[in-house]
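Worksheet: one structure, shown below.
Derivation of every value follows stated rules applied to the coordinates shown; laboratory data play no part. Keep in mind that this is a model prediction, so the values were computed, not measured. Reconstructed Cβ throughout: ideal geometry from the backbone, glycine too, with neighbour counts over all protein chains shown.
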Amino acid sequence: MGVEYPKLRPVICIIDECQNLFAHPKYGKQAGADAEFVIKIAPAMGIVLILATQLGQVGTQLLVLVAQIE
């Protein structure tokens with residue numbers, strides 16, 4: 001199997017109301033690209049990204065983002 005690293009712990013990043021980040025006129029597009037990058041590679045490094053929103057329309061866009069990644 002693989003090498004075990006007992007002192008390493010998972011890193012969790014939680015962004016609540018993420019629609020504000022992704023809808024930002026200046027930084028929204030880059031934030032989306034960065035989120036996609038993190039979603040793709042972070043689990044292999046023990047990093048978890050949790051995006052939370054209550055808005056249906058933006059939530060749908062997030063589902064599309066996740067569907068494109070898979």
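If you plug each phi of the stretch 34-40 into the Karplus form 6.51 cos²θ - 1.76 cosθ + 1.60 with θ = phi - 60°, what whole-Hz ³J(HN,Hα) values come out, in order, with x for Gly and Pro?
5, 4, 4, 4, 5, 4, 6
Taking amide H atoms as placed 1.01 Å from N in the peptide plane, list the residues 5 or more away in sequence, or in a different chain, whose amide H sits under 5 Å from that of I47.
Residues meeting the amide H criterion: V11.
So, counting K/R as plus one and D/E as minus one, what does the shell of residues with Cβ under 10 Å around L51 add up to?
Net charge in that neighbourhood comes out at -2.
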